[in-house]
Amino acid sequence: MIFCITGMPGSGKSVVSEAAKSVGIKVVSMGDVIREEAEGRGIEKSPSSIGNLMLQLRNEEGKDAVAKRCLKKALGATPDSIIEGVRSLEELDYFRSQAEVCLIAVHASPRTRFERLLKRGRSDDPKDWETFRDRDMRELKVGIGSVIAMADKVFINEGSLPDLGEAVKDFFRGMKNASFRSG
C-alpha cells in the first residue's frame, strides 16, 4: 500500500510524515525530489524558482513526472510507503494505477499555515503574505484542491503539532493492526 499525503503548504504534511516514520513507514517527499532536481540543475531554492521548476518538469515530462520519480524511490524498501506532497489528480491517478492507495489530506487555515511557514524558515518558504498567496494560487492551479477533495482520511491541523502527531500515529497503528487482521 502507498499512503499519499496532500495539503496546502504549511498544513502539516511533514508532521504526518514524521509520525509515520516513527511507526516504521518509509517517506518520500515530492518537494524534496524537486529540490534535489533544482540542486542538480544549479537552480536557487526560492519559492518562485522551485515552483517554476515543478511546472517545467510537468510541462516537459507530463503532469505525473514528479510522481514517477517518487514512486521509484518509494518502492522496494518496505511493504508500506508514504509519498508526501501529491498536488494533482494526474499524480494521484498515476499512483493508483501502480498500487493500492490511501490518500490522506491535512488541512489548516491560511493564517495558521502562513505563520507556520514563517517560523519554519526553509529557503523556499514565503517571507511575506503576497508570496504566500502567490504560492497558494500556483498550487491550486496545479490541482491540489481537487486532490484534497478526494481524500480517504482528513486531519484538521489547527491545534498543536504534537497533537496532530499523536493522532497520525494512532491512525497508522490502526492501519497496521487492520492489515495484520486481514492478511
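Could you list, ordered by first residue, the pairs with Cβ atoms under 8 Å in which the first is in segment 107-135 and closer than 21 Å to V154 by Cβ and the second is in a helix (DSSP H, G or I) and open to solvent by less than 90 Å² (accessible area, probe 1.4 Å), at least 6 apart or interchain?
Taking only residues 6 or more apart or on different chains, the pairs are H107/I148; A108/R116; P110/F132; P110/D136; R113/F132; F114/F132; L117/F132.
Kindly check whether there is at least one residue in segment 66-89 that is at pLDDT 95 or above, over 23 Å from L53 (Cβ atoms) and polar (S, T, N, Q).
no
Within segment 84-93, can you find the residues that are touching an Asp or Glu at 6+ places or on another chain (Cβ under 8 Å) and over 21 Å from R35 (Cα atoms)?
D93
Out of F171, F95, which single residue is in contact with a Cys (Cβ under 8 Å, 6 or more places away or on another chain) and in contact (Cβ under 8 Å) with a residue 12 or more places away in the chain?
Only one candidate qualifies: F95.
Tell me whether segment 35-44 contains one or more residues that are in contact with a helix residue (DSSP H, G or I) (Cβ under 6 Å, 6 or more places away or on another chain), over 15 Å from R135 (Cα atoms) and not β-branched (V, I, T).
Kept after step one, since they are in contact with a helix residue (DSSP H, G or I) (Cβ under 6 Å, 6 or more places away or on another chain), are these residues of segment 35-44: 38, 43.
Within this subset, residues satisfying the condition of being over 15 Å from R135 (Cα atoms) are 38, 43.
After this cut, where a residue has to be not β-branched (V, I, T) as well, the list is 38.
There is at least one residue in segment 35-44 that is in contact with a helix residue (DSSP H, G or I) (Cβ under 6 Å, 6 or more places away or on another chain), over 15 Å from R135 (Cα atoms) and not β-branched (V, I, T).
Only one of these conditions is not met by C70: (1) touching a strand residue (DSSP E or B) at 6+ places or on another chain (Cβ under 7 Å); (2) not in a helix (DSSP H, G or I). Which number is it?
Just one mismatch for C70, condition (2).
Find all pairs meeting these conditions: Cβ atoms under 9 angstrom apart; at least six residues apart or on different chains; first residue within segment 1-28 and over 24 Å from P110 (Cα atoms) and free of Cβ contacts under 8 Å to residues at least 60 places away in the same chain; second residue open to solvent by 30 Å² or more (accessible area, probe 1.4 Å) and in a loop (DSSP other than H, G, I, E, B).
The qualifying pairs are G24/T78; G24/D80; K26/A77; K26/T78; K26/D80.
Please go through segment 151-165 and give me each residue that is in contact (Cβ under 8 Å) with a residue 40 or more places away in the chain and surrounded by fewer than 16 Cβ atoms within 10 Å (Cβ to Cβ), ordered by number. Explain how you work it out, then say what you get.
First, the residues of segment 151-165 that are in contact (Cβ under 8 Å) with a residue 40 or more places away in the chain: 151-158, 161, 164-165.
Result: D152, K153, V154, I156, E158, L161.
Which is more than 17 Å from the chain's Cα centre (by Cα) and either assigned to a helix (DSSP H, G or I) or among the β-branched types (V, I, T) (or both), of G24, G31, G40?
From the options G24, G31, G40, the qualifying one is G40.
Output the number of residues of segment 103-119 satisfying the condition of being open to solvent by 70 Å² or more (accessible area, probe 1.4 Å), assigned to a helix (DSSP H, G or I) and closer than 26 Å to A149 by Cβ. So that I can check it myself, show each step before the final result.
The first filter runs over segment 103-119 and keeps only residues open to solvent by 70 Å² or more (accessible area, probe 1.4 Å), leaving 107, 111, 115, 118-119.
From what's left, assigned to a helix (DSSP H, G or I): 111, 115, 118-119.
Among the residues that remain, those that are also closer than 26 Å to A149 by Cβ are: 111, 115.
Qualifying residue count, segment 103-119: 2.
Going by the structure shown, is D125 surrounded by 14 or more Cβ atoms within 10 Å (Cβ to Cβ) and closer than 15 Å to K13 by Cβ?
Judged against the criteria, D125 is a match.
The values are calculated or read from the model by the stated rules, or taken from the named source; none is laboratory data. Source: prediction; values computed, not measured. Methodologically, a virtual Cβ is constructed for each residue, glycine included, from the backbone with ideal geometry; neighbour enumeration extends over all protein chains shown. The area values use the complete protein model at the heavy-atom level, side chains included, leaving out ligands, DNA and RNA. Shrake-Rupley method; radii C 1.70, N 1.55, O 1.52, S 1.80 Å.
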